[in-house]
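The values are calculated or read from the model by the stated rules, or taken from the named source; none is laboratory data. Bear in mind the structure is a predicted one, so any value in this text is a computation, not a measurement. Every residue, glycine among them, receives a Cβ derived from its backbone with ideal geometry; neighbour counts consider all protein chains shown. All accessible areas refer to the heavy atoms of the entire protein, side chains included, with ligands and DNA or RNA removed. Shrake-Rupley method; radii C 1.70, N 1.55, O 1.52, S 1.80 Å.
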Amino acid sequence: MNARLDSFSYDDDIVRKFLWATMIWGLVGFLIGLIIAIQLPWPGFNLAPYLTFGRLRPLHTNAVIFAFAGNAFFTGAYYSTQRLLKARMWSDALSRFHFWGWQAIIVAAAVTLPLGLTQSKEYAELEWPIDIAIAVVWVAFAVNYFVTLTKRRERHIYVAIWFYIASIITVALLHIFNNLSVPAGAFKSYSLYAGVQDAFMQWWYGHNAVAFFLTTPFLGLMYYFMPKAADRPVFSYRLSILHFWSLVFLYIWAGPHHLHYTALPDWASTLGMLFSVMLWMPSWGGMVNGLLTLRGAWHKVTEDPILKFFVVAVTAYGMSTFEGPMLSIKSVNALAHYTDWIIAHVHTGALGWNGFLTFGMIYWLAPRLFQTELYSKNLVNLHFWLATFGILLYVVAIYSAGATQGLMWRAFDETGRLQYPDFVETVIRLIPMYWVRVVGGTLYITGATIGCYNLFKTWAKRPATYEVPVVQAAPLSAKDTDEHAPAVAGGLLARFTHMGWHRKWEGMPLFFSVMTAVAVIIASLFEIIPTFLIKSNVPTIASVKPYTPLELAGRNIYQREGCFNCHSQMIRPLTYETERYGDYSKPGESVYEHPFLWGSRRIGPDLAREGGKFPDLWHVRHMYNPREVTQKSIMPAYPHLQSNTIDFGSIQKLVDAMAMIGVPYGDAVNKAPAMAKAQAEQLAAAIEAAGGPKGLADKEIVALTAYLQRPGRDLKNAGTQ
Amino acid sequence: MRLSDIMGAANLSVYAELAMILFLAAFVVIMIAIFAPGRKHTYDAASRMPLDDEHPQTPR
C-alpha cells in the first residue's frame with residue numbers, strides 16, 4: 001500500500017525564530033506594562049513627552065497582543081501545522097518574509113506610538129502605512145498557509161488547524177474594515193466612519209480581535225499541545241468541533257457589549273448581550289475538554305511544570321469566559337464599565353490564558369527545537385509559581401479597584417446628592433491597589449525573565465548542527481474517499497447525520513475556509529449594515545457643527561497624547577452619570593467624530609460636557625501641571641504644550657481630509673490656516689487678559705484648550721436657540 | 001436620493017433578527033450532526049492525530 005512515500009523534512013528553523021521573538025517581545029511588552037502601572041500611582045514617572053501614560057498604554061497593548069501573543073501563535077502554528085498536515089510549509093521564503101515583516105511592523109509600532117502617531121482606535125492605533133504593511137505580511141502568511149494545506153498528506157484536517165484557519169481569515173477581515181481611513185499626511189489619517197458607526201466598527205473589531213487573535217489561535221494551540229504534553233488525545237474530539245463552530249457562529253455577534261448604555265441603538269446592544277451569554281456554554285465546553293484531557297494524568301501535573309502551566313491557562317480561560325458573558329449583562333456592565341474591573345478581566349485572560357499557554361508551549365518546544373534537555377526544570381517551576389502569584393496579586397487588587405471605583409461613582413448620600421462629587425476622590429482610593437498591582441506585575445516579569453534565562457541556557461547547550469529528521473508520508477490519493485468511515489446505510493437523514501457533508505468540507509480546505517469566512521461575513525454584515533445605513537439610528541441634531549480648524553488641530557493633540565486612554569467622552573443615561581457630568585450623550589452629537597473618541601476607561605472624568613465648564617486659563621494651568629490645580633491628581637503633566645508651536649500650514653491638510661469624508665467644512669476648505677490663526681490669537685489674548693502666560697498664540701496649548709472648550713457646547717447652543 | 005435613504009426605507013433591522021435565527025438554526029443542525037451516534041470510530045482516529053505525527057504514515 002505504501003509503495004510510494006514522499007520524503008521531506010519540517011522547517012523548524014522558522015519555529016525557533018518565532019520562539020525567540022515571542023519571549024523577547026513578551027518581556028518588552030510586560031515591562032512597558034509595568035511602567036504604565038507605576039505611572040498611575042506615581043504621575044512623576046511620566047518622564048518625557050514620549051513616555052507619558054497616554055502614549056505608552058497603546059504600546060503596551062499592541063506589544064502584548066500582536067508581538068507577544070502574535071509571535072506565540074505563529075511559533076505554535078508553524079510547528080503543529082507542518083506535523084498535522086505531514087507537509088513542510090509551502091514556501092520557506094514566504095515564511096521568512098512573514099517573520100521579518102512581522103518583526104519590522106513591531107519595531108515600527110514601537111517607534112511611532114511613543115511619537116504620538118496614532119489612529120486612536122484601541123488595538124488599531126497604528127497609522128495607515130503600517131496598516132498596509134500588516135495587510136501585506138498577513139496575506140503572505142495566509143497564502144503560504146493555504147497552499148501548504150492543499151499540499152498536505154493527511155486527509156483529515158485536525159481541529160487545531162480549523163481554529164488557525166478561522167483566525168487567519170477573520171483577522172484579515174477585521175483589520176481591513178476597521179482601518180479604512182483617509183490619509184491626511186504620511187502618518188495621519190481619519191477614520192472613514194464617524195461617531196456611532198465608527199464605535200460600532202471599532203468594537204466589532206476590538207471584540208473579535210480578542211476572539212480571533214487571543215482566543216481561537218490559542219485554542220488551536222491548546223488542542224495540539226495539551227494532548228502532546230499529557231500524551232493522551234483530547235477528551236472529546238466532538239466537543240472540540242462543537243467548540244469551534246459555536247465560536248465562529250457566536251463570537252462575531254458579541255461586539256456591541258462594549259457599548260452598552262452608549263449612543264448605540266438598543267437592539268444592537270441587546271443582541272450583543274444575548275450572544276455573549278450564549279458564548280458561555282461552548283467556552284466552558286472547551287475548558288472542560290481541555291482539563292479532562294488530563295484525565296488519568298493528574299499525577300503527572302504535580303511533577304510536570306509544563307502541565308501546570310497548561311492547567312492554569314485553561315482554568316483562566318474558563319474564568320474569563322465565564323466573566324465575559326456576565327459583564328455583558330447590562331446591569332453588571334453598568335457597574336463595571338469604565339472601571340478597572342475590565343482591566344482585571346482582560347489580565348485574567350492575557351496573563352493567565354495567553355501567557356501561561358505560551359510559556360507551557362515554549363517549555364515543551366524548547367528541548368525539541370534545541371535538541372537538548374531543558375537547562376533547569378526547577379527554574380520552570382520557579383517561573384510558574386512567581387507568575388501564578390503575580391497574577392493573583394494583580395487581579396485581586398485590580399478587581400477590588402474596579403468594584404471600589406464603580407461603587408463610589410454611583411453612591412448617593414441621604415440628601416440625594418453624589419457622595420463623592422469630586423472625581424479625584426474616587427481615584428485616590430485606588431492608589432494602594434495600584435501599588436499591589438505593581439508588585440504582582442513585577443513577580444510576573446521576574447518569572448518571564450527567569451524563563452528567558454532558562455531558554456538561553458538551553459539554547460547554549462544545543463548541538464553544533466541541528467539534526468533535521470527526514471519524515472516519510474504517502475501523498476494523498478486523488479480520490480476523495482474516507483476509509484475510516486463505516487458504510488452508511490439508510491436514507492437521506494441517516495446520511496446527513498453521519499456527516500458525509502461535513503467530512504467533505506474538512507477534506508476541502510478551501511471550501512471549508514470559504515464557509516467559515518462566509519459565516520463570519522454574513523454575521524458581521526447583518527450586524528453592521530443597519531447601524532450604518534438606517535437613518536433613524538442616528539437622528540441628526542441641527543446645532544451640531546464641525547470643529548473649527550483650530551479645534552481640529554487641538555483634537556489632534558488630544559489624539560496624539562492619548563488622552564482618550566484616561567478620559568471617556570460618552571455619558572451614559574444613568575442618574576449617577578448625568579448627575580456628575582450633565583446630559584447624557586446622543587448619537588447625533590458625534591456625526592463629525594472621525595474617529596470617535598468615546599474612550600473605554602475613566603481614569604479621569606468624562607469630558608463630553610467639558611466645553612465651558614472651566615475658564616480657558618484653568619486648562620492652561622491644569623495641562624501645565626495638573627497638581628497645581630487638583631492637588632491629588634494622577635494626570636500626567638504636559639508642560640511641552642506651552643512651548644510646542646502649532647504647525648498652522650498643516651491644518652489645511654487635516655481639514656481637506658475631513659471634507660473629503662463628508663464633513664461640511666464650507667469656507668474652511670480654502671482658508672483653514674488663516675481661520676485657525678485668527679481664533680488662536682483671540683484665545684491667547686483672552687488667556688493673557690485673565691492673567692495667564694503671554695505669547696501663547698502659536699502654541700499647542702491654545703489649540704488643545706480650544707478643543708477642550710468644545711465638547712457639549714453644541715447641545716447647549718441647541719437649548720438656547 | 002442617497003443610499004442611506006434607500007436602505008432606510010428597506011427596514012433592515014428585521015434582517016438582523018432573521019440572520020440571528022438562521023445562525024442559531026445552522027448551529028443546532030451542526031450540533032445534531034456532530035453528536036449523532038455512529039461516528040465514534042472516525043473521531044477517535046482523528047483525535048489521535050497530534051500524538052502519532054512523528055512517525056511515517058500509511059496513506060489515508
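Conditions tested, residue by residue: (1) small (Gly, Ala, Ser); (2) touching a residue at least 60 places away in the same chain (Cβ under 8 Å); (3) farther than 30 Å from A:ARG410 by Cα.
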{"residue": "A:ASN333", "(1), (2), (3)": "no, yes, no"}
{"residue": "A:HIS337", "(1), (2), (3)": "no, yes, no"}
{"residue": "A:GLY349", "(1), (2), (3)": "yes, yes, no"}
{"residue": "A:ASN354", "(1), (2), (3)": "no, yes, yes"}
{"residue": "A:ILE362", "(1), (2), (3)": "no, yes, yes"}
{"residue": "A:PRO367", "(1), (2), (3)": "no, yes, yes"}
{"residue": "A:LEU379", "(1), (2), (3)": "no, yes, yes"}
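Within segment A:294-308, being closer than 19 Å to A:ILE362 by Cβ and in a loop (DSSP other than H, G, I, E, B) holds for one residue alone: A:ASP304.
Check whether at least one residue in segment A:180-198 is buried (at least 24 other Cβ atoms within 10 Å of the Cβ), in contact (Cβ under 8 Å) with a residue 12 or more places away in the chain and closer than 23 Å to A:ILE343 by Cβ, and report yes or no. Looking for residues that are buried (at least 24 other Cβ atoms within 10 Å of the Cβ), in contact (Cβ under 8 Å) with a residue 12 or more places away in the chain and closer than 23 Å to A:ILE343 by Cβ, one finds none in segment A:180-198, hence no.
Please work out if A:HIS98 is at negative phi, assigned to a helix (DSSP H, G or I) and open to solvent by 20 Å² or more (accessible area, probe 1.4 Å). So A:HIS98 does not fit the description; no. Against the condition open to solvent by 10 Å² or more (accessible area, probe 1.4 Å) and either over 16 Å from the mean Cα position of the chain (by Cα) or at pLDDT 95 or above (or both), how does A:ALA67 come out, does it pass? It is false that A:ALA67 is open to solvent by 10 Å² or more (accessible area, probe 1.4 Å) and either over 16 Å from the mean Cα position of the chain (by Cα) or at pLDDT 95 or above (or both).
When the test is whether a residue is within 17 Å of A:VAL314 (Cα to Cα), open to solvent by less than 10 Å² (accessible area, probe 1.4 Å), at pLDDT 95 or above and more than 19 Å from the chain's Cα centre (by Cα), A:PHE244 does not pass it. Considering only segment A:16-27, I want to know if a residue exists there that is open to solvent by 20 Å² or more (accessible area, probe 1.4 Å), within 30 Å of A:PRO432 (Cβ to Cβ), not in a loop (DSSP other than H, G, I, E, B) and not hydroxyl-bearing (Ser, Thr, Tyr). Yes, there is a match, as at least one residue in segment A:16-27 is open to solvent by 20 Å² or more (accessible area, probe 1.4 Å), within 30 Å of A:PRO432 (Cβ to Cβ), not in a loop (DSSP other than H, G, I, E, B) and not hydroxyl-bearing (Ser, Thr, Tyr). When the helices (runs of 4 or more DSSP H) confined to segment A:309-427 are screened for residues that are within 26 Å of A:TYR224 (Cβ to Cβ), those reaching at least 2 such residues are found at A:340-347, A:356-370, A:377-410.
Scanning segment B:42-60 for residues that are facing chain A (nearest Cβ under 7 Å) and modelled with pLDDT under 75 yields B:ASP53, B:PRO56, B:GLN57, B:THR58, B:PRO59, B:ARG60. Can you tell me which residue within segment A:141-162, out of those that are open to solvent by less than 10 Å² (accessible area, probe 1.4 Å) and not aromatic (Phe, Trp, Tyr), is nearest to A:GLN559 (Cα to Cα)? Only one residue fits best here, namely A:ASN144.
Checking the structure you have, find out if any residue of segment A:574-591 is part of a loop (DSSP other than H, G, I, E, B) and modelled with pLDDT under 90. Yes, because at least one residue in segment A:574-591 is part of a loop (DSSP other than H, G, I, E, B) and modelled with pLDDT under 90.
For segment A:457-476, residues that are surrounded by 12 or more Cβ atoms within 10 Å (Cβ to Cβ) and without any contact (Cβ under 8 Å) to a residue 60 or more places away in the chain total 0. Checked against (1) within 29 Å of A:ASN381 (Cα to Cα); (2) in a helix (DSSP H, G or I), A:TYR466 passes all but condition (2). Note on segment A:631-654: residues that are open to solvent by 40 Å² or more (accessible area, probe 1.4 Å) and part of a loop (DSSP other than H, G, I, E, B) amount to 5.
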